[in-house]
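To start, the structure itself, in structure tokens.
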Amino acid sequence: MNQPGNAPRVEYLRALLTDAAVTRYTANVSNLPTLPGTYTALSRAASDPNTSVATIAEIVESDPVVSVRLLQLVNSAFFGLTQRTSSIMGTNLLKSLVLSTHMCNAMERAPTRSFSVSRYQTYAIRVARLARRLAGARESADDAFTAGIMLGVGQLVLALQAPELFERVLQRVASTGELQYEVERELMGTTHAETGAFLLSSWGIPFPIVECVALHLKPGQVGEGDCELLGFVHAADALTGIVACREPESRLDLAFLQRAGLIEQLPRWRRMAEAASELNA
């Protein structure tokens, strides 16, 4: 796990991800997907200031499955582009979409009947786009998008490691309307937030993104220090759930948003979420 300056937060997250309830589903890492080679190649290229756009394009096009699905994704209505494209975008955005595509490919092979890959991906893209908009022109906007698109990745971990139990979770949520993470906690002892963060940490994804994935459901657990990025991601996820999925207002941790200095932005953010929902209706 990458080490930021705030050591207590690193130690807290490490303890959270090595909790017995989490390791129950992540101990056999050989069953979990590995970091896609295309992502690694893009990261290496992005670190070289002499890398050309043509080189980035060659990396993506060298993986035909990823290349085709990326174009399908960015040209789909819910991604939000007004014009169709056959060219590549920013490297950071591409890296995020490569991870998402890789996970969705793996999810299609997961032995869980009630899981909808298309619904998962649509929701993830909506959250990611909104998180990036909430971040605005800040440098953290790309991290907000990446964290947003990976919030649900732990569902794959649970589906692969405990398919029958995770199927029970999904069926109960479908029949009762309960929040999925609350049912996960009750039946499995942990949630997709913690297991997803474990997977991303094992891949070497930067700490701020791993922390957002781990704590987006309960952001008040974060320690002292800058928690603006977590605020953007938490608000984007909660507001998307409230507006698009009719989840309860309690999804928003108002005390945390107050502590993060973001509470005054909430009315404007809600309008943004509502506008995005109408656009994607």
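Only the coordinates and a few stated rules stand behind these numbers; no lab work does. Given the structure is predicted, the values throughout are model-derived calculations rather than measurements. Here the Cβ is made from the backbone with ideal geometry for all residues, glycine too, and neighbour counts use every protein chain on show.
Cβ crowding within 10 Å, taken as a proxy for footprinting-reagent exposure, orders Ile149, Ile56 from fewest neighbours to most as Ile56, Ile149.
Distance between the pseudo-spin-label points of Ala15 and Arg168 (7 Å out from Cα toward the beta carbon): 3.0 nm. Pairs of Cα atoms nearer than 8 Å and 6+ residues apart set the relative contact order; for the chain it is 21 percent. Taken along the Cα-to-beta-carbon direction at a fixed 7 Å, the label points for Glu108 and Arg270 span 4.0 nm.
Dipole of segment 188-273 computed with +1 at Lys/Arg Cβ and -1 at Asp/Glu Cβ about the Cα centre; of Thr191, Ala244, His234, farthest Cα towards the positive end is Ala244. By the count of neighbouring beta-carbon atoms within 10 Å, fewest first, Lys95, Lys218 end up ordered Lys218, Lys95.
Let me check I've understood the local charge: for Ile242, count other residues with C-beta under 11 angstrom from its C-beta, Lys and Arg +1, Asp and Glu -1. What total comes out?
Working: positive: Arg246, Arg251, Arg270; negative: Asp237, Glu247, Glu249, Glu274.
So the surrounding residues net to -1.
Rank Cys212, Ser100, Ala162 by how far each Cα sits towards the positive end of the charge dipole of the chain (+1 on Lys, Arg Cβ; -1 on Asp, Glu Cβ) and give me just the farthest. Towards the positive end, the residue furthest out is Ser100. Here Val53, Val22 are placed in order of increasing Cβ neighbour count within 10 Å, fewest first, which gives Val53, Val22. For the peptides 115-128, 36-49, the ranking by mean Cβ contacts within 10 Å, running from highest to lowest, is 115-128, 36-49.
Count charges around Ser140 for me, please; just the other residues with Cβ under 13 Å from its Cβ, Lys/Arg as +1, Asp/Glu as -1. If you can, show how the numbers build up before the last one.
On the way: positive: Arg132, Arg133, Arg138; negative: Glu139, Asp142, Asp143, Glu211, Asp226, Glu228.
Taking every Cβ under 13 Å from that of Ser140, the sum is -3.
Positive contributions from Lys and Arg (+1) and negative ones from Asp and Glu (-1), summed over other residues with Cβ under 12 Å from the Cβ of Phe166, come out at 0.
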